[in-house]
1. Percentage of Cα-Cα pair distances in the range 1-93 greater than 19 Å, rounded to whole percent?
2. Which residues' amide hydrogens lie under 5 Å from the amide hydrogen of G47, considering only partners 5 or more residues apart or on another chain, with H built in the peptide plane?
3. With r as the distance between the Cβ atoms of E13 and D78 and R0 = 22 Å, compute the FRET efficiency 1/(1 + (r/R0)^6) and round to 0.05.
4. K54 to V96: extension gain in nm, 0.36 nm per residue of separation minus the Cα-Cα distance?
Amino acid sequence: MNELDVAEFYPKEAKAVVSVNPKIFPLEVIYAAAYVLLDKAYFILSGDAEKEIKVVIRAKNEKAGKKELELISLKFHDELINYATYVVQAARNQAVREAIIKRALATNTSESDETEYLPEREEEELGKETPREEPEEDLFLDDPEGIAKPWTPDKAKGLKKPII
């Protein structure tokens, strides 16, 4: 049995028809595999999503021969395996990802977020005036060259102003 028995080639029409078993490769995986190869070919999906999905691959190069169609269909199968593996790994790691996200969100809460909401407490806190800190005046380093100062065309010496 030939490994390319799942594909039929029509070089005169520059197309190949690939049969995909949806029990092995879900429809989402087929979409992802086709999407990666959109620069090389057009993809038309048809068939029964429960039994067999037919993928018509039309080469964008109308002069594509059987060799090029075989190469595109083989790359399509590579991408099917690539995305099927990704889906399986994502499903396996879902609990770990959720735990990491929960932990990250839990550590980013402040103590005030953890206290129970009491309307009386809010009124008390609103009534208090909190002293404001005065901004520091020396936030910038010394600038003896004048590099940090704003520049405008009016301050440019020897330059002509642009004509608008």
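1. Summing the P(r) tail past 19 Å for the range 1-93 gives 37 percent.
2. K54
3. The computed FRET efficiency comes out at 0.40.
4. Working: separation 42, 0.36 × 42 = 15.12 nm, distance 3.59 nm.
Full-extension gain reported as 11.5 nm.
We did not get these values from a lab; they are worked out from the coordinates using the rules stated. These numbers were taken from a predicted model, which means no experiment stands behind them. Neighbour counts run over all protein chains shown; Cβ positions are idealised from the backbone, glycine included.
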